[in-house]
Structure formats: C-alpha cells, structure tokens
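Below you'll find the structure, written out as structure tokens, and then a few comments.
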Amino acid sequence: MRNAFDLSPYRRSTVGFDRLFDFLENAARSEPAENYPPFDIEKLGDDRYRITLAVAGFRQDEIEITARQNLLVISGRKAEGRNKDGNYLHLGIATRSFERRFELADFVRVDDAQLRDGLLSIELVREIPEAMKPRTIPINGGSTETIEAHNDRAERVEASSETAAA
C-alpha cells in the first residue's frame, strides 16, 4: 500500500505553504512516532492551547522545555539509579528518557508551564502582530471636482461662421 501523498499540485497553486508541505512529507516518510510519554492537546479558546504530558516519576529539574521558532521541544532525563539496591521485583513505572517535539504555527508562543501531580501542562498562546491582523481600509472620497469638456473645434467653427456672416 502506498502511504505517500503527491502534494505537487498543491505546491504549484499555493504560495507560502512550503513549511506545511515539507512537514507533511517528512511525517509521511518518518517512522511511527513513539507513544511515550502520552500527551493531550486541548484548544481552550480561539488563540489558546494546552499540551499536557504524563511525566509521572520526573521531577521539575529533570524536565527541559525549549521553545524555538515554530518548534517546541520537551525532554526528560532521569538519573539511572532506581535499581541500585536491587530490591525491586518488578520495574513497571516508565522513567526512561524522552523527547517530544511539537510543530507550532506562526506567532504561537509558550505562555506558562506547570508540573503538578505527575502532569506537565504547557499553555500556548497565538498572538498575531497588529500589522498582520485584518483591518478595514477606508475608501477616500476625495474632492468631487467637475471637469468641463472643452470643444475647441466647435468654438472655431462658431467663430468662423460669425466672421463669414459679418
């Protein structure tokens, strides 16, 4: 079965969507994503989002959040010392290192991050600059100047008729 989509017709008829098409093509080519740690993405409002990751067993100093332009990277590094004494009969709580990447749209920034009850919540806000927001353009009426037509030929014919009659 073919998994690749041909996006070339869309590339030919759009402008400025190169990053989106590159992302879709790379996602189709890449290997299946790992599911650790599990996460939720919520839309809180028109321009507000929340990403929540289940990071049970990680302390605040073991998690790093890095926001770059259009990319959010969350990584966790756990010190390997849990089974030092050998008293564990079964190790079922996952505390392996991880790295999660989220592609962000333009003008999306991290507003806040909190770690509570084993859940890391990251608040995102999309802030469109004033210059990029839609605005109404007033139509200037300007001055209403009337331009009168001037017919030189009619004046010359009229003048020559008067001189011929005299």
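The values are calculated or read from the model by the stated rules, or taken from the named source; none is laboratory data. Here the structure is a predicted model, which is why all the values come from computation and not from measurement. Here the Cβ is made from the backbone with ideal geometry for all residues, glycine too, and neighbour counts use every protein chain on show.
Name the residues in the range 107-120 that are assigned to a loop (DSSP other than H, G, I, E, B) and surrounded by 12 or more Cβ atoms within 10 Å (Cβ to Cβ), would you?
107, 118
Within the range 33-56, does at least one residue satisfy the condition of being touching a helix residue (DSSP H, G or I) at 6+ places or on another chain (Cβ under 7 Å) and outside any helix (DSSP H, G or I)?
No, because not a single residue in the range 33-56 is touching a helix residue (DSSP H, G or I) at 6+ places or on another chain (Cβ under 7 Å) and outside any helix (DSSP H, G or I).
Does residue 125 count as at pLDDT 90 or above, in contact with a Lys or Arg (Cβ under 9 Å, 6 or more places away or on another chain) and surrounded by 12 or more Cβ atoms within 10 Å (Cβ to Cβ)?
yes
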